[in-house]
Amino acid sequence: MSKNLTEETKLHLHGTNKGVISIAKIDQPYGKDSGTVASVGISLNGMSDEPDWKVHIPFENLDEVIEALKKLK
């Protein structure tokens, strides 16, 4: 696990027994001078440090992504 990672939230993944959605902030995920991202991981077995899928969203795009997700609901 990256030392620049701040675990923010873990949510139960609906429709699974152990699955989790993990949301974290990662500073400099790709090395020096790379921007901070929000990391969203999906783990079917509950191991948030080994997600089956993940996405990194640059903080600069976070508000737009949140608005787009709200529209889906």
Checklist entry - Hey, what do the phi angles of the range 6-17 turn into as Karplus ³J(HN,Hα) couplings, whole Hz, using 6.51/-1.76/1.60 and θ = phi - 60°, x for Gly and Pro? => result 10, 5, 9, 8, 10, 10, 5, 7, 3, x, 10, 7
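Taking neighbour Cβ counts within 10 Å as the exposure measure, how do 65, 40 sort from fewest upward?
Numbers: 65 14, 40 17.
Ranked by crowding around the Cβ, least crowded first: 65, 40.
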Checklist entry - Once phi is turned into ³J(HN,Hα) by the Karplus curve 6.51 cos²θ - 1.76 cosθ + 1.60 with θ = phi - 60°, what whole-Hz value does each residue of the range 30-47 show in order, with x for glycine and proline? => result 10, x, 3, 6, 8, x, 5, 10, 8, 10, 10, x, 10, 10, 6, 9, x, 8
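Please give the charge dipole size of the range 8-61, origin at the Cα centre, charges +1 on K and R Cβ atoms and -1 on D and E Cβ atoms. Round to the nearest 20 debye. Write out the running numbers ahead of the final one.
On the way: 5 positive and 7 negative charges, 31 e Å.
That gives the range 8-61 a dipole magnitude of about 140 debye.
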Checklist entry - Can you tell which of 15, 48, 26 lies farthest toward the positive end of the dipole of the chain, using +1 and -1 charges on the Cβ of basic and acidic side chains (Lys, Arg; Asp, Glu)? => result 15
Checklist entry - So, in the chain, how many Lys pairs have Cα atoms under 23 Å apart, if the pair is 8 or more places apart or on different chains? => result 16
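Read-outs throughout are calculated quantities, based only on the coordinates presented, and are distinct from any laboratory measurement. All of these numbers come straight from a predicted model, not from anything done at the bench. Backbone-built Cβ (ideal geometry, glycine too); neighbour counts: all protein chains shown.
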